[in-house]
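**Student:** Got a structure for you, questions after.
The values are calculated or read from the model by the stated rules, or taken from the named source; none is laboratory data. Only a predicted model underlies this, so the values are computations on that prediction, with no experimental measurement involved. Glycine also receives a Cβ, built like all others from the backbone with ideal geometry; neighbour counts cover every protein chain displayed. Note: areas computed on protein heavy atoms with side chains; ligands, DNA, RNA excluded. Shrake-Rupley method; radii C 1.70, N 1.55, O 1.52, S 1.80 Å.
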Amino acid sequence: MAKVSGLWRHPIKSHGREALNSVALEAGKTMPGDRVWAVAHEASKADASAWSPCANFSIGAKAPGLMAINARYDEAAGRVTLTHPELAELTLDPDTEGDRLVAWTRPIMPEGRAASARVIRVPGRGMTDTDYPSVSIGNLASHRAVEEAMGQSLSEKRWRINVWLDGLEPWEEFGWAGREIQIGSVRFLVRERVRRCMATTANPETGLRDAETLKTLNGFGHQDLGMYAEVIGTGEIALGDSVVVS
């Protein structure tokens with residue numbers, strides 16, 4: 001039986017990830033603490049009034065160095081602590097100290113790209129890559145199939161998945177589109193595949209591009225890994241919880 005093997009949130013979009021042991025999810029919402037903030041670049045039209053697509057933000061696809069950031073989110077204090085192998089540790093309130101984050105990432109941002117400009121948040125809405133509140137679900141067997149095809153070990157952190165499952169067949173999750181599943185006590189409607197971008201080519205330990213992930217995925221006849229799902233039944237998920245597909 002498939003079980004939960006990993007839970008991750010990303011407090012600031014493309015600026016670090018944090019492992020969890022359990023999480024409470026609410027119907028119609030994103031994972032708590034996931035993509036609460038996003039860093040808009042100087043050419044962005046995004047503001048705090050509504051969801052905006054990822055092209056408006058500084059992301060790992062354009063700035064691979066961001067992929068090496070780790071995060072710790074103190075929800076009670078409203079502060080995030082970020083670490084990176086090439087930068088000093090930073091703790092800040094993204095709502096009031098966005099300029100500190102922009103300055104902190106400047107040394108790892110590539111030249112010739114729109115520079116990071118400001119931090120924004122949309123109240124009540126995590127800035128996921130979908131125009132609906134989504135939680136991403138990944139299959140470790142599919143991840144391992146990519147590793148085998150590449151002949152290279154890969155960290156699952158490359159994929160920035162929220163909920164990892166183990167005990168499935170490779171690519172089994174693709175057959176869930178349009179179906180309901182239950183993980184722990186949370187019910188999801190699985191919506192669509194996650195199409196992958198250049199961010200996955202960067203090593204999450206170094207921030208350097210070192211893997212032909214997209215070329216390898218295309219060898220399977222697609223460029224996808226993971227599924228976007230919508231929470232339709234409030235509940236909790238913990239490591240080791242089982243998965244039931246309707």
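**Student:** Do any GluC sites (Glu not before Pro) in region 1-86 lie in a DSSP loop with no more than 15 other beta carbon atoms within 10 Å, and if so, which? Let's see the in-between values first.
**Tutor:** Numbers: sites: Glu18, Glu26, Glu42, Glu75, Glu86; in loops: Glu26, Glu42, Glu75, Glu86.
Answer in residue order: Glu26, Glu42, Glu75, Glu86.
**Student:** Same structure, new question: What Rg and what Dmax come out for region 40-177 when only alpha-carbon atoms are used, in angstroms?
**Tutor:** In Å, with Rg to one decimal and Dmax whole: 17.0, 45.
**Student:** Determine how many Å³ per residue the convex hull of the Cα atoms of the chain encloses.
**Tutor:** Values: hull volume 28.8 nm³, N = 246.
Dividing the Cα hull volume of the chain by its residues yields 117 Å³.
**Student:** Also, quick follow-up: Over region 1-96, with a single point scatterer placed on each C-alpha, what log10 of the ratio I(q)/I(0) does the Debye formula yield at q = 0.12, 0.15, 0.22 1/Å?
**Tutor:** -0.43, -0.67, -1.29
**Student:** Please report, as a whole percent, how much of the solvent-accessible surface of region 1-104 comes from carbon and sulfur atoms (probe radius 1.4 Å).
**Tutor:** Ligands and nucleic acids excluded, carbon and sulfur give 50 percent.
**Student:** Are there trypsin sites (Lys or Arg not before Pro) in region 105-178 that DSSP marks as loop and that have at most 16 other Cβ atoms within 10 Å, and which are they?
**Tutor:** Details: sites: Arg113, Arg118, Arg121, Arg125, Arg144, Lys157, Arg158, Arg160; in loops: Arg113, Arg121, Arg160.
Counting only loop positions with at most 16 other Cβ atoms within 10 Å, the trypsin sites (Lys or Arg not before Pro) in region 105-178 are Arg113.
**Student:** For region 167-230, which whole-number percentage of the solvent-accessible area (1.4 Å probe, protein heavy atoms only) is attributable to carbon and sulfur atoms?
**Tutor:** 46 percent
**Student:** Sketch the reach of a paramagnetic label on Tyr132 as a point 7 Å from Cα along Cα-to-Cβ, and name the residues of region 18-53 whose backbone nitrogen lies under 12 Å away.
**Tutor:** Answer for this model: 28-29.
**Student:** Based on alpha-carbon centroids, what's the gap between region 1-65 and region 81-103 in Å, whole number please?
**Tutor:** 16 Å
**Student:** Average projected area of the Cα convex hull of region 107-246, in nm²?
**Tutor:** Values: hull surface 40.8 nm².
So the Cα hull casts an average projection of 10.2 nm².
**Student:** Let me ask something else. What does the charge dipole of region 99-210 about its Cα centre add up to, to the nearest 20 debye, if the Cβ of each Lys and Arg holds +1 and the Cβ of each Asp and Glu holds -1?
**Tutor:** It works out to roughly 600 debye.
**Student:** Same structure, new question: Would you mind estimating how fast region 182-244 diffuses translationally, via Stokes-Einstein at 20 °C and 1.002 mPa s with the Kirkwood radius over Cα pairs, in µm²/s?
**Tutor:** Estimated via Stokes-Einstein, D reaches 154 µm²/s.
**Student:** Can you work out the accessible area per residue across the chain, with the rest of the protein chains kept in place, probe 1.4 Å, in square angstrom? Let's see the in-between values first.
**Tutor:** Details: 10610 Å² over 246 residues.
Per-residue accessible area for the chain comes out at 43 Å².
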